[in-house]
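Chemist: Got a structure for you, written out below as structure tokens; questions coming shortly.
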């Protein structure tokens, strides 16, 4: 398989996995999970990541409120930013205690997040910080 075909196949499988995950109803977090699946209101769910990271997605509506939630643990903190169409719309820090989860969230009114794509960046204070995030647009 050529590099281009392999990359396209991996991208397609990742897209299908994300699309399929969006069909599940919201549920309580299972043991060891920082945030549960957001259910049908979810645009993005990152169940677990360690260290710096983030996500880029599309499908945001400017007619719905947007909620960005991040949970983390492992000591230290994470600095979270959200950009919508090139404009920073949210920024906050979450303390990440060792042995338990810290949670931070920001709710944005309709129109703050513009229609289309958005990006969320997570800057961890060190590589051992474990985090999860959701972006939802409740109707």
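The values are calculated or read from the model by the stated rules, or taken from the named source; none is laboratory data. All values reported here derive from a predicted model rather than from experimental measurement. No Cβ is skipped: glycine too gets one built from the backbone with ideal geometry, and neighbour counts run over all protein chains shown.
Chemist: Considering only region 49-69, I want to know if a residue exists there that is exposed (fewer than 15 other Cβ atoms within 10 Å of the Cβ), modelled with pLDDT of 95 or more and under 12 Å from residue 134 (Cβ atoms).
Modeler: Checked against the condition, which is being exposed (fewer than 15 other Cβ atoms within 10 Å of the Cβ), modelled with pLDDT of 95 or more and under 12 Å from residue 134 (Cβ atoms), region 49-69 yields at least one hit.
Chemist: Among the numbered criteria (1) in contact (Cβ under 8 Å) with a residue 40 or more places away in the chain; (2) over 21 Å from residue 38 (Cβ atoms); (3) more than 14 Å from the chain's Cα centre (by Cα), which single criterion is violated by residue 108?
Modeler: (2)
Chemist: Residues in region 26-43: is at least one touching a residue at least 24 places away in the same chain (Cβ under 8 Å) and in a strand (DSSP E or B)?
Modeler: yes
Chemist: In addition: Please specify each residue of region 70-92 satisfying the condition of being crowded, with 19+ Cβ neighbours inside 10 Å and either without any contact (Cβ under 8 Å) to a residue 12 or more places away in the chain or on the phi > 0 side of the Ramachandran plot (or both).
Modeler: Residue satisfying the conditions is 74 alone.
Chemist: Residue check: is residue 138 part of a strand (DSSP E or B) and surrounded by fewer than 16 Cβ atoms within 10 Å (Cβ to Cβ)?
Modeler: For residue 138, the condition - part of a strand (DSSP E or B) and surrounded by fewer than 16 Cβ atoms within 10 Å (Cβ to Cβ) - is not met.
Chemist: Same structure again: Would you check if residue 95 is without any contact (Cβ under 8 Å) to a residue 60 or more places away in the chain, surrounded by fewer than 19 Cβ atoms within 10 Å (Cβ to Cβ) and over 21 Å from residue 50 (Cα atoms)?
Modeler: It is false that residue 95 is without any contact (Cβ under 8 Å) to a residue 60 or more places away in the chain, surrounded by fewer than 19 Cβ atoms within 10 Å (Cβ to Cβ) and over 21 Å from residue 50 (Cα atoms).
Chemist: Still on this structure, please answer the following. Go through region 60-84 and report how many residues are touching a strand residue (DSSP E or B) at 6+ places or on another chain (Cβ under 6 Å) and closer than 22 Å to residue 138 by Cβ.
Modeler: The qualifying residues number 15.
Chemist: Right, something else. So, residue 33, is that one farther than 23 Å from residue 108 by Cα, surrounded by 11 or more Cβ atoms within 10 Å (Cβ to Cβ), under 12 Å from the mean Cα position of the chain (by Cα) and at pLDDT 60 or above or not?
Modeler: No, not satisfied.
Chemist: Residues to consider are 128, 91, 119; find the one that is outside any strand (DSSP E or B) and at pLDDT 95 or above.
Modeler: Just one listed residue meets the conditions, 128.
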